[in-house]
2 protein chains.
Amino acid sequence: MSQATNRKMSPVSVAQVAIDDGFWSQRIETNRTKTIPHEYKQCKETGRIDAFDLAWKPGDEPVPHYFWDSDVAKWIEAASYSLATHPDPELDKLLDEVIEKIAGAQQPDGYLNVYFTVVEPEKRWKNLGMWHELYCAGHLMEAAVAHYEATGKRRLLDVMCRYADYIASVFGSNPGQRYGAPGHEEIELALVKLYRVTGDRKYLELSRFFVDQRGQNPSVFQRELEYLSEEDSRINRYFFERNGFDTSYCQDHLPVREQSEAVGHAVRAAYLYSGMADVAVETGDEELLRACRRLWDNVVNKKMYVTGGIGSSRLNEGFTEEYDLPNRDAYAETCAAIGLIFWAQRMLHIDADARYADVMERALYNGALSGVSIDGEKFFYVNPLASNGDHHRQEWFGCACCPPNIARLIASLGSYIYSESPSDVYIHLYISGQAELNTAGTRVKISQQSGYPWNGDIEVKIEPAEAAEFGLNLRIPGWCRKATLAVNDVEMDNASIVRSGYARIYRRWQPGDTVRLNLDMPVERVAAHPNVVENIGRVALSRGPVIFCLEEADNPVPLERIVLPRDAKLTAVFDEELLGGVVKIKGEALLIDDADWGDELYRFGSVTMRPYSFTAIPYYAWDHRMPGQMRVWIRSL
Amino acid sequence: MSQATNRKMSPVSVAQVAIDDGFWSQRIETNRTKTIPHEYKQCKETGRIDAFDLAWKPGDEPVPHYFWDSDVAKWIEAASYSLATHPDPELDKLLDEVIEKIAGAQQPDGYLNVYFTVVEPEKRWKNLGMWHELYCAGHLMEAAVAHYEATGKRRLLDVMCRYADYIASVFGSNPGQRYGAPGHEEIELALVKLYRVTGDRKYLELSRFFVDQRGQNPSVFQRELEYLSEEDSRINRYFFERNGFDTSYCQDHLPVREQSEAVGHAVRAAYLYSGMADVAVETGDEELLRACRRLWDNVVNKKMYVTGGIGSSRLNEGFTEEYDLPNRDAYAETCAAIGLIFWAQRMLHIDADARYADVMERALYNGALSGVSIDGEKFFYVNPLASNGDHHRQEWFGCACCPPNIARLIASLGSYIYSESPSDVYIHLYISGQAELNTAGTRVKISQQSGYPWNGDIEVKIEPAEAAEFGLNLRIPGWCRKATLAVNDVEMDNASIVRSGYARIYRRWQPGDTVRLNLDMPVERVAAHPNVVENIGRVALSRGPVIFCLEEADNPVPLERIVLPRDAKLTAVFDEELLGGVVKIKGEALLIDDADWGDELYRFGSVTMRPYSFTAIPYYAWDHRMPGQMRVWIRSL
């Protein structure tokens, strides 16, 4: 096992944390009992599971797709996290069966990919730019690590180590090896996971190799075009030849250490940046880390939706110009918001700065959570911030990356709440439950209890195995303008203890010590930077970490005609019956009226407005009732 | 000569009117000395003129296009109108030369079309849907009538009568004749002009035949697809098979008498509706007239830009849904605004209702006039209501319909100002100069003098050859909220004499009688119906007939950040030096500020605004200085 030396804190495993939370427990239970079985069923029915039997023959339908393996891998990962906190013999058995199929698909040399074993075996490693072999390998590695950590079973881990060993023999800078990098990043972060669980530095080296292969001149993807046939390179050319040869679509436009602007496909980007952070922290590579920080600032300050969605354009499923954040045409793929969470957690561990946790929380409660329906069986691929009623969650997708991605996120939620270091423990997210952490040479049990995200009264109980001196770091969210903190009912002076967004209480903790944190949580009006042209003259509503939206189901009027005055009274009301129990925002706005218009298209003077009482609901919960309009950004005076 | 029996007034010819106007004289002079020569040069250099020599052989470049004839025809028409009011022996000679070439291109059977004589003679009349033969014929007929009326020379008129006779022999419902209608309407109105100048009812009948061939089931254009080759019908299929077979692109979806909604290509539509009005009035066809009125209401109340532009979509160069009037993506072709003027004048003559004149004036001073630069040598094809600096007038177009169209409009402006009837004379437009009208059995000279459109003080002098009793009708524009009227300094009670937008002063007029009309002309804020989603929360500024816009040259800030408060003071100032002399609007607005923003993309609270003094200029005059942003619809509180 390795211990990263260059990060300020370490993550805790899913198994260390038990969630018992008014908001999340039901979502996690739904994920376990509905989403994970639903996704297995979809994988099974679409042939993705049985494809590992390698029984496909030319003429059979459906033809396996070269990204199918990754869907099953993410399902295994989700199911494994679930197993880690919720024993389930049936699921355990099912996992073993699926893993056995996968193991059976491994080739004598260690290679493992359904498509390039049975459909086009002659094309193995021929089109790294677009054919997702290394991407699938990465997801299977993540699955293997998750399954091993959840169950202690090495079956898939051994398979994937063998595959990784084989990949490491093929790719590299030694004589006889070949250059190459994945067109869709993912294996970089997965190899670091494999390194951390096995301690085998070869995996870390291979990850670094892939990271550094990007942006070479000539590009590895340009060299592929020299031998790929017209047909085999059609998709490459579509994405790489838009304005001359340009591989920014897959972040291959510059060596990664020189990159400062987030470009291209957003999921690819987020996975790459996560992998870069992992490599940087494990190798002490400050140059790489500086690139990560520059890219982070660019994404968060110039290219992120208020929901934490990233990648605004449908054309490249990715990034465009700075401040180009259209609402109705937003792409904001669920996987990209999840990728941002992965990246945020890594940066947080490196820098111990709550601004990363703020973004992690923003994406979690909004742009990622919107990706799955409350009943757990429908999914958004695309998460617009405005709709005219024509965008709805679906049960599955031909390209099904998002459903198992949100499942693995929710199943592993426990691992995002806390972190630990030799001297400190951290609470990033306020999610009720218990955790067993290790710090100051002792085991510390931490319990938190709150009604978060609907209210900001949080109680944290500290139970060290024995009294111990360490820092307890409580995140003061960026959205909170006023926080009060008391230890054993003695109020603390926040100003003196808050650093980088964490209130650090360093003391000798006794079993039973209690910390109370109150985060003031009024309804807030959010303004976007005026460079975001679509949001000029508009505000979003937020409360705590939750972004709200207007839905036609509550507001049966043209939503574009609702205008929020600056002094509009806004009230938060918890509605237990609504959408699984949500806080809704009620407010007095104005509605542009057309009752005083005749046939005329234009008239002198102004439009008239009449009072209108509106209701806003959490963005993540939209599209659960009648199809209709939705708006996050509300016209405002 | 015919006399239409079903219209309330008749147009006057260009030759009856002498314009001596502060606003228009310079434009007309520029049209005569710059635009018309420039367009001749373009037609000459691109081969359009010499193509009539029929010397083209396979392999020669350029290949004549099947719409080339129409460009030359519209140039002849423009030059002829110019000649009617401004003798010019050189232009007269040049016209004779060009007309001689055209006459020489006429085939023994009367047929006259360069493309289908020299390039693909075997395809004559094969693709009425898309190949513009009848469209070109129509423009040549209009040219012939204009040249005959301007010069008394019958050369082109005779040629075109012979062509029309041939067309009338080919198309019709008699045995041996064929069905058919032009895919691009134009010949309908041209044939009525030919009928009016020759008195030959056959031309009127042929026009009615073409009008009534539209919308038959099966469509005439569907029947063409049965024999056209894949290649010859590619463009037909592109436009006619978007959602199943649908010829609404060329208004062929329903019999014209059943139409109520303006659809399809906007220039085609406006020319058709003009032709329908002509046929209706000449044949006393009330059913057809009712269709014209329904279509008019639909266009003006649901589908017209505030500039008088019509046809909002680039995809079909035409109409879309009601209230779908995007600003930056507006199509609003110059030819379509001109077509609307043609149609408006026809409806005005039929119904004597100033609402038609209001639209005619709106399009004239805004969406049509914007089509030509102040120096007369650059043209807009597309007239958006917002630009980010990437839209500019050009010297010519491959498809060059707009430049000669605006030239013929300006050269014939005199014919839009007045009308006459046996009992009345009408003043529709306030353009200084003199006219010789006929009413009450006498000749009446009318002079008007004003600073229109920059101010509304108008003096009209009436000089009947001898004292005579008739109605003088002065249009009280729809944009005017307060008008005062005095005859020989005796103020009139408008309320009792204004009907359908005209103040009718019926009296025995003596030579030297003077009427003074004062039209109050404040700066107005214009609101669009709230169904126009793009204009919610925005206003346009107008003064008199002129619509204004913001341009970056005057307002070097992001124009989307300018916000006009309801109580903003707005002042009109004449600036003699600016853009040929214009009234500009100065106003105190607010500018959304970003000076108090750091790196953050979102923040709580509102954006701040600071006072900002803006300048707006007439829309028609935009894009004459530095390339930059432009907005007609300004954000407003």
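The values are calculated or read from the model by the stated rules, or taken from the named source; none is laboratory data. The shown structure was predicted, so the numbers you read here are calculated from the model rather than taken from an experiment. Reconstructed Cβ throughout: ideal geometry from the backbone, glycine too, with neighbour counts over all protein chains shown.
Quickly run through region A:434-449 and pick out the residues that are free of Cβ contacts under 8 Å to residues at least 60 places away in the same chain and touching an Asp or Glu at 6+ places or on another chain (Cβ under 9 Å).
So in region A:434-449, the residues free of Cβ contacts under 8 Å to residues at least 60 places away in the same chain come out as A:438-443, A:445-449.
Result: A:Asn438, A:Thr439, A:Ala440, A:Thr442, A:Arg443, A:Lys445, A:Ile446, A:Ser447, A:Gln448, A:Gln449.
Beta carbons closer than 8 Å, at least 6 apart along the sequence or on distinct chains, pair a first residue in region B:307-323 that is away from chain A (no Cβ under 14 Å) with a second that is assigned to a strand (DSSP E or B) for B:Gly311/B:His265; B:Gly311/B:Gly318; B:Asn316/B:His265; B:Glu317/B:His265; B:Gly318/B:His265; B:Thr320/B:Ser313. Of all residues in region B:87-101, those that are within 20 Å of B:Asp69 (Cβ to Cβ) have Cβ atoms under 8 Å from Cβ atoms of residues that are in a helix (DSSP H, G or I) and of a type in the set (D, E, K, R), 6 or more apart or on another chain, in B:Asp96/B:Arg155; B:Ile99/B:Arg155; B:Glu100/B:Arg155; B:Lys101/B:Asp50; B:Lys101/B:Asp53.
Have a look at B:Glu241, B:Glu186 and point out the one that is within 23 Å of B:Leu289 (Cα to Cα) and out of contact with any strand residue (DSSP E or B) (no Cβ under 7 Å at 6 or more places or on another chain).
Values: B:Glu241 fails: within 23 Å of B:Leu289 (Cα to Cα).
Testing whether each residue is within 23 Å of B:Leu289 (Cα to Cα) and out of contact with any strand residue (DSSP E or B) (no Cβ under 7 Å at 6 or more places or on another chain) leaves just B:Glu186.
Please work out if A:Leu472 is farther than 19 Å from A:Ser432 by Cα and away from chain B (no Cβ under 13 Å). No: the conditions fail for A:Leu472.
Suppose we filter region A:267-288 for residues that are surrounded by 24 or more Cβ atoms within 10 Å (Cβ to Cβ) and farther than 14 Å from A:Ala344 by Cα; how many remain? Of the residues in region A:267-288, 3 are surrounded by 24 or more Cβ atoms within 10 Å (Cβ to Cβ) and farther than 14 Å from A:Ala344 by Cα.
Against the numbered list (1) of a type in the set (Gly, Ala, Ser); (2) more than 12 Å from chain B (Cβ to nearest Cβ); (3) assigned to a strand (DSSP E or B), A:Ser542 comes up short only at (2).
Report, by residue number, each residue of region A:588-604 that is more than 7 Å from chain B (Cβ to nearest Cβ) and within 25 Å of A:Ile634 (Cβ to Cβ). Even if it seems obvious, please write down each step before you answer.
Applying the first criterion (more than 7 Å from chain B (Cβ to nearest Cβ)) to region A:588-604 yields A:588-591, A:593, A:595-596, A:598.
Within region A:588-604, A:Glu588, A:Ala589, A:Leu590, A:Leu591, A:Asp593, A:Ala595, A:Asp596 meet the criteria.
Taken over region A:578-592, the criterion of being in contact with a helix residue (DSSP H, G or I) (Cβ under 8 Å, 6 or more places away or on another chain) and closer than 24 Å to B:Arg538 by Cβ is satisfied by A:Leu591, A:Ile592.
Residue-wise test of (1) among the aliphatic types (A, V, I, L, M); (2) farther than 26 Å from B:Pro556 by Cα; (3) touching a helix residue (DSSP H, G or I) at 6+ places or on another chain (Cβ under 8 Å).
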site: B:Asn383; (1), (2), (3): no, no, yes
site: B:Ser387; (1), (2), (3): no, no, no
site: B:His392; (1), (2), (3): no, no, no
site: B:Cys402; (1), (2), (3): no, yes, yes
site: B:Asn405; (1), (2), (3): no, yes, yes
site: B:Ile410; (1), (2), (3): yes, yes, yes
site: B:Ser415; (1), (2), (3): no, yes, yes
site: B:Tyr418; (1), (2), (3): no, yes, yes
site: B:Ser423; (1), (2), (3): no, yes, no
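Kindly check whether there is at least one residue in region B:76-84 that is closer than 18 Å to B:Ala400 by Cβ and of a type in the set (Gly, Ala, Ser). Yes, region B:76-84 has at least one match. Looking across region B:84-126, the residues that are crowded, with 22+ Cβ neighbours inside 10 Å and assigned to a loop (DSSP other than H, G, I, E, B) come down to B:Leu112, B:Asn113, B:Val114. Any idea how many residues of region A:382-415 are outside any loop (DSSP other than H, G, I, E, B) and either surrounded by 17 or more Cβ atoms within 10 Å (Cβ to Cβ) or in contact (Cβ under 8 Å) with a residue 40 or more places away in the chain (or both)? Matching residues across region A:382-415 total 17. Screening region B:482-503 for residues that are in a loop (DSSP other than H, G, I, E, B) and touching a residue at least 40 places away in the same chain (Cβ under 8 Å) and picking the one that is farthest from the other protein chains (Cβ to nearest Cβ) gives B:Ser500. Considering only residues of region B:36-80 that are of a type in the set (Lys, Arg) and either in a helix (DSSP H, G or I) or closer than 16 Å to B:Glu377 by Cα (or both), which is farthest from the chain's Cα centre (by Cα)? Taking the candidates together, the pick is B:Lys44.
When B:Thr283 is tested against (1) at positive phi; (2) in contact (Cβ under 8 Å) with a residue 60 or more places away in the chain, exactly one condition is not met: (1).
Quick check on my filter: what residues within region B:504-529 are crowded, with 21+ Cβ neighbours inside 10 Å and either in a loop (DSSP other than H, G, I, E, B) or away from chain A (no Cβ under 12 Å) (or both)? Within region B:504-529, B:Trp509, B:Val515, B:Leu517, B:Leu519, B:Met521, B:His529 qualify.
Among the residues of region A:533-541, is any farther than 22 Å from A:Ile592 by Cα, crowded, with 22+ Cβ neighbours inside 10 Å and not basic (Lys, Arg)? Checking region A:533-541: not a single residue is farther than 22 Å from A:Ile592 by Cα, crowded, with 22+ Cβ neighbours inside 10 Å and not basic (Lys, Arg).
Just a yes or no: is a residue in region A:171-182 more than 29 Å from A:Val12 (Cα to Cα), of a type in the set (A, V, I, L, M) and outside any helix (DSSP H, G or I)? Yes: region A:171-182 contains one or more residues that are more than 29 Å from A:Val12 (Cα to Cα), of a type in the set (A, V, I, L, M) and outside any helix (DSSP H, G or I).
Is it the case, given these coordinates, that B:Lys44 is surrounded by fewer than 16 Cβ atoms within 10 Å (Cβ to Cβ) and not aromatic (Phe, Trp, Tyr)? Yes. Residues that are in a strand (DSSP E or B) and in contact with a Ser or Thr (Cβ under 9 Å, 6 or more places away or on another chain) were ranked within region A:622-634; the one that is nearest to B:Phe604 (Cα to Cα) is A:Arg631. A count restricted to region A:605-635 and to residues that are within 31 Å of the chain's Cα centre (by Cα), surrounded by fewer than 22 Cβ atoms within 10 Å (Cβ to Cβ) and within 14 Å of chain B (Cβ to nearest Cβ) stands at 2.
Listed by first and then second residue, the pairs with beta-carbon distance under 6 Å, at least 6 apart or on different chains, first residue in region B:559-587 and away from chain A (no Cβ under 14 Å), second part of a helix (DSSP H, G or I) and at pLDDT 95 or above, are B:Leu579/B:Ala621; B:Val582/B:Ala621.
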